[in-house]
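Peer 1: There's a structure below that I have some questions on.
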Amino acid sequence: MDAASVAWILTATALVLLMFPGLAMLYGGMLNGRSVINMMMMVMSSLAVTTVVYVIVGHGLVMGDSVGGSGIIGSPGSFPFFSDLVTDDGEGTTITGAFYILFAAISVALVSSGAAGRMKFDAWMGFAAIWVIVVYGPIGHWVFNPDGWMRADLGLHDYAGGTAVHMNAGAAGLALAVFLGRRNSGRKDRPHNLPLMLIGVGMIAMGWLGFNGGTAGAADFLAQYVVLTTILSLAGGMLGFIIMQRIFDGAYTLMGLGTGAIAGMVAITPVADAVNPTVAIIVGLLGAAGTFGAIRVAHRFGVDDSADVFAVHGVAGMVGAMLVVFLGDPDAPAEHAGIFFGGGWDMLWREPVAIIVTVGFSFCATYVIAWLMNKVHPIRITAKDEHLGIDVAVHDEAAYARAESDDNEAASDYADSEIGAAVGRPVS
């Protein structure tokens, strides 16, 4: 790898790292003021836990030699503690390994949407470590490893992790939300700080340019191209979501604009190298429209997915993955011709198979992990702690000074509430 390419991947890695505090601000701003610290702790701890697990065993599971040549899972002993990745081989292997750490970690961080305000923090950290090994490891191997069955045998086109990162995290977040159930504190969880949310969106967008641009693996035309299509799809996503809001809800909102931006970037991730600039805008529009519809359906069914990770990442990722089948442009770097550009129908079954297997495996495996952990020790916080606010009850911190002054009032409300009477515990 030439010096310019090494410099670009180093820069891209730094940009992707920005996604973690960005996601913490995005998710934190979307929740009520009593869950901000917990949400930020969950996101940032994902980076810490995943990094350690990934370095010890995760990279082997994802990029190691396929066990038995099956393409199902890599050998966990392939790169223990990043062995063989910390020598100067001239190929940039060391920084590429660091880049892959962040892919795994941001996947875990996204899953936290399904547990916000309800899951014990030590249970979350244990869950994160197990999930990286049991869920992310296999799916990452299928998609990123040249010998993975989705990549080598199925012929999946996924430029930068639409399946392994976004659909995977979306399905896992949904599974965790379903297992934990709805919050029972009686408080309506409305976004408490939209400016904080917007700052988070901006930081995530910066990181996404490194996420997609760095996947090119070099400082070349492909990196330039995918950065362009990512920006165009981001714009299309913003417009698509607020247009849907105006049609169905009668208002344009800042929350909608931010949600659309994320949905647009998710949708372009699997096809950033395969569509032309005009189609990139359409990808963002359709990804945001799909997300808008999915959010409405989830709310109708009472799914408590706090930051709508399944709708924003899961559904938008599915939309993007399917659009390569129809809108792939043979003149784009991937040189894949979609059906509308004169291509054949062969991909029409390959992409859906990858989507169904990824979402199905991630949802089921995540639900089983949560179920087994809960059998060993309950993973949900108590009704009392939930009502008082997880930030103060679990972390002994508050995002805002006034939150602490409200504690006595909250405690009194709890004691007088039906929940407090049912639990029958004194409030300290």
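Peer 1: Take Ala263 and tell me if it is of a type in the set (A, V, I, L, M, F, W, C) and not in a helix (DSSP H, G or I). Please lay out each step first, then the result.
Peer 2: Details: of a type in the set (A, V, I, L, M, F, W, C): yes; not in a helix (DSSP H, G or I): no.
No, not satisfied.
Peer 1: Identify the single condition in (1) closer than 25 Å to His59 by Cα; (2) in contact with a His (Cβ under 9 Å, 6 or more places away or on another chain); (3) surrounded by fewer than 24 Cβ atoms within 10 Å (Cβ to Cβ) that Asn184 does not satisfy, given that it satisfies every other one.
Peer 2: Asn184 satisfies all of (1) closer than 25 Å to His59 by Cα; (2) in contact with a His (Cβ under 9 Å, 6 or more places away or on another chain); (3) surrounded by fewer than 24 Cβ atoms within 10 Å (Cβ to Cβ) except (1).
Peer 1: Quick check on segment 342-356: of everything there that is of a type in the set (A, V, I, L, M) and surrounded by fewer than 18 Cβ atoms within 10 Å (Cβ to Cβ), which residue is nearest to Leu174 (Cα to Cα)?
Peer 2: Ranking the candidates gives Ile356 first.
Peer 1: A follow-up question, please. If the requirement is being assigned to a helix (DSSP H, G or I), touching a His at 6+ places or on another chain (Cβ under 7 Å) and at pLDDT 95 or above, which of these qualifies: Val315, Val324?
Peer 2: Going through Val315, Val324 in turn, just one is assigned to a helix (DSSP H, G or I), touching a His at 6+ places or on another chain (Cβ under 7 Å) and at pLDDT 95 or above: Val324.
Peer 1: Please tell me if Ile56 is surrounded by fewer than 18 Cβ atoms within 10 Å (Cβ to Cβ), of a type in the set (Val, Ile, Thr) and at pLDDT 95 or above.
Peer 2: yes
Peer 1: Being among the polar types (S, T, N, Q) and over 19 Å from Trp124 (Cβ atoms) is the filter here; which residues of segment 138-183 pass it?
Peer 2: Result: Asn145, Thr163.
Peer 1: Would you confirm, using the coordinates I've provided, whether Asn168 is part of a loop (DSSP other than H, G, I, E, B) and of a type outside the set (Gly, Ala, Ser)?
Peer 2: Criteria not met by Asn168.
Peer 1: Which number in (1) in contact (Cβ under 8 Å) with a residue 60 or more places away in the chain; (2) buried (at least 18 other Cβ atoms within 10 Å of the Cβ) marks the one condition that Gly302 misses?
Peer 2: Condition not satisfied by Gly302: (2).
Peer 1: Also, I was wondering about something else. From Leu110, Leu102, which residue is in contact with a His (Cβ under 9 Å, 6 or more places away or on another chain) and either modelled with pLDDT of 95 or more or surrounded by fewer than 22 Cβ atoms within 10 Å (Cβ to Cβ) (or both)?
Peer 2: Exactly one residue qualifies, and that residue is Leu110.
Peer 1: Could you say which residue among Ile339, Ile390 is β-branched (Val, Ile, Thr) and either touching a Phe, Trp or Tyr at 6+ places or on another chain (Cβ under 8 Å) or surrounded by fewer than 14 Cβ atoms within 10 Å (Cβ to Cβ) (or both)?
Peer 2: Residue meeting the stated conditions: Ile339.
The values are calculated or read from the model by the stated rules, or taken from the named source; none is laboratory data. As the structure is a prediction and not an experimental result, all values here were calculated from the model. Note that we place each Cβ from the backbone using ideal geometry, even for glycine, and neighbour counts take in every protein chain shown.
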